[in-house]
Amino acid sequence: MQNFSFEDLMNLFSRSKKNNDYDEVLNIHEEFKRRVDKRKLMGKKPTRTSVSGFEQTLEWLEKNIELKTVVSNENIDGNYKNKLKKRLREATDINKKNTLW
């Protein structure tokens, strides 16, 4: 996740939030936390985007703490669930797709 830009992480966060994927949001939160801590350790002020992403993911995690204990999609096996997570991370750019025009 270190290679993702802020926009990519926030898109991934919104998709994961819709799917109530607690683990994926937790991973995104850890990435924002890493970015904020890294800037602080360097003696610089953390960027506003990283701080806002950190705060938004923290707020969602606190509101949805009950999802942590619930195993979501119990009927789905592990391989299929991993494929779903990878699909969430794929970059989709409308400009790269072939259109009729």
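The values are calculated or read from the model by the stated rules, or taken from the named source; none is laboratory data. Note that the structure is predicted; figures quoted are calculated from it, not measured. So basically every Cβ, Gly included, is an ideal-geometry build from the backbone, and we count neighbours across all protein chains shown.
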Residue check for residue 3: assigned to a loop (DSSP other than H, G, I, E, B), modelled with pLDDT of 75 or more and in contact with a Ser or Thr (Cβ under 8 Å, 6 or more places away or on another chain): no
Residue tally, condition surrounded by 14 or more Cβ atoms within 10 Å (Cβ to Cβ) and touching a Pro at 6+ places or on another chain (Cβ under 8 Å), over region 1-45: 3
Qualifying residue in region 58-68 (condition: surrounded by 15 or more Cβ atoms within 10 Å (Cβ to Cβ) and either in contact (Cβ under 8 Å) with a residue 60 or more places away in the chain or under 17 Å from residue 4 (Cα atoms) (or both)): no
Complete set of residues in region 46-76 that are in a loop (DSSP other than H, G, I, E, B) and either polar (S, T, N, Q) or at pLDDT 95 or above (or both): 47, 64, 72, 73, 75
Where a residue in region 6-20 is more than 15 Å from residue 61 (Cβ to Cβ) and its partner, wherever it lies, is hydrophobic (A, V, I, L, M, F, W, C) and not in a helix (DSSP H, G or I), with Cβ under 8 Å and at least six apart: 8/91
